[in-house]
Amino acid sequence: MSTHQGALRPGTNHQPVHGKAAMTLQQRAEELDSHDPLAHYRHHFIGSDTPVSYLDGNSLGRPLKRTADDVAAFIRDDWGGRLIRSWDERWLAMPQAIGDQLGRAVLGAAPRQTIIADSTTVVLYKLIRAALAAVADPDRNELVLDTENFPTDRYLVEGIALEEGLTLRWIQADPAAGVTVDQVREATGPRTAVVLLSQIAYRSGHLADLPAITAAVHDAGAVVVWDLCHSAGSVEIGLDDAGVDFAAGCTYKYLNGGPGSPAFAYVNHRHLPSLNQPIWGWMGRKDAFEMAAGYEPAAGIRGFLSGTPAIFGMIAMQGTLDLIEEASMAAIREKSEELTAFAVEVFDSLLSPLGAELATPRDPARRGSHITVDHPGFTKATVEALWDGDVIPDFRAPHGIRVGLSPLSTSFREVLQGMEAMRKRLQA
């Protein structure tokens, strides 16, 4: 992504050509939008031309305009026209084909290591159990996770520990920051089996050092499972380069797959020959339509499947993956840093003087694509009132509002509009 004269570079200390001090926030937003190399991608999304300030793309991304046509063609031509023949002609290959594109465009993963399957919760369960099965040392009976991880992750690990008679070791993470390499080194050792962490903390937006933490886990002789729900499509990841063991993520945030779209699983090639996942279903068996007695897993990443793939739920994400490949994750990450830098600038000007606190790292390199603003006056009712005014962030208890910024669909004007509305709610 090229640097354009006047554009804001990541961080809050760089100034555009005309100087921040001489410009109003409105002028700043207009300047940033006019110099945004990715601005034209907004027009691919439904609703981008409305007055709505949508600041919750980190929970549910906007749909692409092409998705309506893609779904209509799917119903008319594949489902309605080819009927059950579509399984052999296209559908059976889709989980791995889309998985390979996701790996290539977003995850930094070579082919045949990523597949689309199930919900995030089910995928994580299967991955954690597969990770445990990959640990040969019976003395390794501890699962490591952090107190600020997403609830599903915590609940799953607690349940698996109960099932398997394992011990939990909790990392006490700073709610306004996240898990550090030093904390991981301190929490892991000769009894550690599996470590489960999120690359981006769902509340604070803290971006964990995935390569360094992965190396620390491996130094302890353990394996790591990464939750990429808030990072897939918003930051560059590089799973292969980091030597990550297992990873999972959803597709309805920055990948715009729509509500309930299926999750993805990544299994490093070194674990695939001995992959042992716990939910044996017909679609994960070699030659699924043989209908034979006994379970023999399919070779490679396809052995991670269980039941019938959610084909309908895969249609929408294909369009976004095409856009990501066209724009590049490097450019998307740069736009993400610029958006959050501007959001912090607006926070400092409009919300900090009213007693709000930034619950997100100030260094753009240490945060994902959202910021969280805390204030005792923020409640669920505050967000409901914002929603009524077509400003749509989300609420995280006890008193945080997340401002989620999707690089391909969010404008700087939207950021300012939404945060100005937050200021008005505090002043009301």
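Can you pull out the strands (runs of 3 or more DSSP E) entirely within the range 314-428 that have at least 1 residues that are among the aliphatic types (A, V, I, L, M)?
In the range 314-428, 370-374, 400-404 are the strands (runs of 3 or more DSSP E) which contain 1 or more residues that are among the aliphatic types (A, V, I, L, M).
Do the conditions hold for Pro211, that is, is it in contact (Cβ under 8 Å) with a residue 40 or more places away in the chain and closer than 24 Å to Arg140 by Cα?
Answer is no for this residue.
Among the residues of the range 228-260, count how many are open to solvent by less than 10 Å² (accessible area, probe 1.4 Å) and not in a loop (DSSP other than H, G, I, E, B).
7
Quick check on Pro175: is it at pLDDT below 95 and open to solvent by 40 Å² or more (accessible area, probe 1.4 Å)?
So Pro175 fits the description; yes.
What's the number of the only condition in (1) part of a helix (DSSP H, G or I); (2) in contact with a strand residue (DSSP E or B) (Cβ under 9 Å, 6 or more places away or on another chain); (3) basic (Lys, Arg) that Arg140 fails to meet?
(1)
Sort out which residues of the range 271-282 are in contact (Cβ under 8 Å) with a residue 12 or more places away in the chain and loosely packed, with under 12 Cβ neighbours inside 10 Å, and write them in order of number.
Correct list: Ser274 only.
Return yes or no: is Ala331 hydrophobic (A, V, I, L, M, F, W, C), surrounded by 15 or more Cβ atoms within 10 Å (Cβ to Cβ), more than 25 Å from Phe74 (Cβ to Cβ) and in contact (Cβ under 8 Å) with a residue 40 or more places away in the chain?
yes
Please find, within the range 363-388, the residue that is most open to solvent (accessible area, probe 1.4 Å) out of those that are at pLDDT 95 or above and of a type in the set (A, V, I, L, M).
The qualifying residue most open to solvent (accessible area, probe 1.4 Å) is Ala381.
For a quick check of your reading of the model, give me the residue pairs whose first member lies in the range 176-190 and is in a helix (DSSP H, G or I), whose second is among the basic types (Lys, Arg), with beta-carbon atoms closer than 8 Å and at least 6 apart or on different chains.
From the range 176-190, the pairs are Ala187/Arg169.
Residue by residue, here is whether (1) over 21 Å from Val135 (Cα atoms); (2) of a type in the set (Lys, Arg); (3) surrounded by 20 or more Cβ atoms within 10 Å (Cβ to Cβ); (4) in contact with a strand residue (DSSP E or B) (Cβ under 8 Å, 6 or more places away or on another chain) holds:
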site	(1), (2), (3), (4)
Gly284	yes, no, yes, yes
Glu290	yes, no, no, no
Ala299	no, no, no, no
Leu305	yes, no, yes, yes
Thr308	yes, no, no, no
Ile315	yes, no, yes, no
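The values are calculated or read from the model by the stated rules, or taken from the named source; none is laboratory data. The structure presented is a predicted model; accordingly, all values stated were derived computationally and were not measured. In this analysis, Cβ positions are derived from the backbone assuming ideal geometry, glycine residues included, and neighbour counts consider all displayed protein chains. Side chains are part of the model used for accessible areas, which takes the heavy atoms of the whole protein and leaves out ligands, DNA and RNA. Shrake-Rupley method; radii C 1.70, N 1.55, O 1.52, S 1.80 Å.
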